[in-house]
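Everything below concerns the one structure shown next.
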Amino acid sequence: MPRVGGRDPDEFRRQWWLKGLVIKQGAKGVAAYTEYGVVRVPAVADPSLIDTTGAGDALAGGMLARWMSTGGEPAGLARCTCVGVACASITISAVGVKGIARATSRRPG
């Protein structure tokens, strides 16, 4: 289990009166802690890892963009976290912004 400031993440979130806390866990994915529980999203199984620079920003940007497009409802947190992980995975597949710049919202196949 991840620790934040030496504490359990949910305990840390409550101590600082945070409505939510997102913890990046690298190859293990992401965990989002809220008053409604924990949402865990695994990392993409086999991304083409080229450059990890910007992965955290892409995660946050993807989550926030999806969150805002759905009105910020707590029930949408899992989907928002998945979108953020997808954006981070695309970002690390190329150097700089090349990976995320060529991304589309279409699903392959």
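We did not get these values from a lab; they are worked out from the coordinates using the rules stated. These numbers were taken from a predicted model, which means no experiment stands behind them. Here Cβ is always computed from backbone atoms with ideal geometry, including for glycine, and neighbour counts include all displayed protein chains.
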In degrees, nearest ten, helix 77-91 long axis to first principal axis of the chain (Cα):
40 degrees
Counting only residues 5 or more places away or on other chains, whose amide H sits under 5 Å from the amide H of GLY29 once H atoms are built in the peptide plane?
ALA43
Before anything else, pin down the relative contact order of region 1-76: Cα pairs under 8 Å, at least 6 apart, normalised by residue count, whole percent.
16 percent
Label THR70 and ASP57 with points 7 Å out from Cα along Cα→Cβ: what is the distance between them in nm?
2.5 nm
Ranked by how many other beta carbons lie within 10 Å on average, peptides 59-71, 88-100 from highest
88-100, 59-71
Any idea how far the Cα center of region 65-102 sits from the one of region 26-61, in Å?
9 Å
I'd like the Kirkwood hydrodynamic radius of the chain, using the inverse of the mean 1/r over distinct C-alpha pairs, in Å.
14.5 Å
How big is the charge dipole of region 1-76 about its Cα centre, in debye rounded to the nearest 20, if each Lys and Arg gets +1 on its Cβ and each Asp and Glu gets -1 on its Cβ?
180 debye
What's the angle, to the nearest 10 degrees (0 to 90), between helix 55-69's Cα axis and the longest principal axis of the chain?
80 degrees
